[in-house]
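Just below is one structure, and these are the notes that go with it.
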Amino acid sequence: MYDIVGKRRWYFAISLFLITLGLVAMIISLIRYGSPFRLSIDFTGGSLLEYQFTQVVQPGEVRAIFVDQGLTGTSVQSVGDGTTVLIRSREIDAETKVALEQQLSARFGPLTELRFESVGPSVGREVARSALLAVLAASAGILLFIAFAFRRVPNSFRYGVCAVIAVLHNVWISVGLFSLWGLLFGWEVDALFLTAVLTVIGFSVSDTIVVFDRVRENIPRRRGEPFEVVVNRSLLETLHRSLATQLNAMFVLTALLFFGGATIKQFVLVMLLGFVTGTYSSLFVAVPLLVVWQTGGFSRLFRRPTTAQA
């Protein structure tokens with residue numbers, strides 16, 4: 001039987017590296033931009049424009065015109081039948097607005113301005129506050145649910161704590177790597193980013209619960225086996241199910257990443273990253289962490305193994 005749990009030092013070392021990498025990226029971003037991330041107009045404020053055309057237009061083509069003017073953080077969404085677009089960009093002066101409208105008219109034909117207004121950062125701050133509360137509420141709910149569902153298992157509270165740590169581990173790595181991409185590629189955090197993070201939380205915890213549930217079933221069946229062996233057996237028995245479920249979703253997201261529109265590319269990438277790190281967190285962080293806690297191995301977790309002398 002392949003010993004997955006026995007290699008937990010490697011998993012923890014990988015997690016430590018990714019967490020440190022994200023932390024360094026956020027510190028650099030904080031020094032450079034005054035925030036751990038490059039923020040979109042949802043958080044910094046900017047301009048909101050709505051145009052109606054006489055033909056269907058593609059949001060990616062509209063966005064390309066704004067990017068050519070140096071407005072790289074612009075997001076464009078189709079409204080209604082596709083002839084109307086809603087554009088969010090950083091603050092635009094009158095001269096730039098006229099130049100943009102001329103280029104849009106030359107590319108797509110006559111346009112009608114439906115709205116032009118300034119957007120304050122208060123909406124983004126409220127979304128961020130709500131997202132933080134949602135993460136805390138979800139963590140508390142996961143903890144209480146698992147502690148109750150596993151109440152017949154010794155130290156059931158530890159199962160819930162390990163599941164919550166895996167969720168927070170997933171969120172931290174996702175936002176840390178996105179901060180790194182903000183430094184490298186200029187990607188900005190918007191409300192869709194928070195939506196993606198909240199979505200992957202639910203998926204990341206499902207694998208953890210599946211494995212823990214199999215551990216609960218195997219404990220009374222294999223009373224003579226050490227806890228670590230029982231957990232490793234349970235992980236192997238559920239591994240194919242976890243990977244099959246997550247890979248199906250990853251294939252769809254990968255297709256959207258390469259063939260979807262430019263306006264959803266960052267959202268899809270965060271989702272894909274969250275699925276990958278969520279699967280890793282559930283299988284290779286939460287489960288080994290439970291073994292370390294149950295066997296009292298925290299003190300010797302990173303201690304170099306010693307071989308007995310003959």
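The values are calculated or read from the model by the stated rules, or taken from the named source; none is laboratory data. Computed from a predicted model, the values in this text were never measured in an experiment. Counting neighbours? That spans all protein chains shown, and the Cβs are built from the backbone with ideal geometry, glycine included.
Results, tabulated for the structure shown:
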{"quantity": "Single residue of Ala166, Ala138, Ala128 found to be farther than 30 Å from Tyr51 by Cβ, modelled with pLDDT under 85 and of a type outside the set (Asp, Glu)", "calculated": "Ala138"}
{"quantity": "Residue list for region 80-116, restricted to those being within 20 Å of Ala191 (Cβ to Cβ) and free of Cβ contacts under 8 Å to residues at least 24 places away in the same chain", "calculated": "none"}
{"quantity": "Qualifying residue in region 31-45 (condition: part of a strand (DSSP E or B) and over 13 Å from Glu188 (Cα atoms))", "calculated": "no"}
{"quantity": "Test set (1) surrounded by 17 or more Cβ atoms within 10 Å (Cβ to Cβ); (2) touching a strand residue (DSSP E or B) at 6+ places or on another chain (Cβ under 9 Å); (3) part of a helix (DSSP H, G or I) - Ile87 fails condition number", "calculated": "(3)"}
{"quantity": "Looking only at region 196-233, and only at residues there that are charged (D, E, K, R) and assigned to a helix (DSSP H, G or I), the one that is farthest from Val270 (Cα to Cα)", "calculated": "Arg221"}
{"quantity": "Residue count for region 168-185, restricted to those that are over 13 Å from the mean Cα position of the chain (by Cα) and crowded, with 23+ Cβ neighbours inside 10 Å", "calculated": "1"}
{"quantity": "Test for Val76: is it assigned to a strand (DSSP E or B) and closer than 27 Å to Leu183 by Cβ", "calculated": "yes"}
{"quantity": "Residues of region 258-293 that turn out to be over 18 Å from the mean Cα position of the chain (by Cα), more than 18 Å from Val167 (Cα to Cα) and either buried (at least 24 other Cβ atoms within 10 Å of the Cβ) or not aliphatic (A, V, I, L, M) (or both), as a count", "calculated": "4"}
{"quantity": "Identity of the residue in region 103-125, surrounded by fewer than 11 Cβ atoms within 10 Å (Cβ to Cβ) and part of a helix (DSSP H, G or I), that ends up modelled with the lowest pLDDT", "calculated": "Ser122"}
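Residue-by-condition table, conditions (1) surrounded by fewer than 17 Cβ atoms within 10 Å (Cβ to Cβ); (2) over 15 Å from Phe193 (Cα atoms); (3) in contact (Cβ under 8 Å) with a residue 24 or more places away in the chain:
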residue	(1), (2), (3)
Gly46	no, yes, yes
Arg63	no, yes, yes
Phe66	no, yes, yes
Thr72	yes, yes, yes
Ser78	no, yes, no
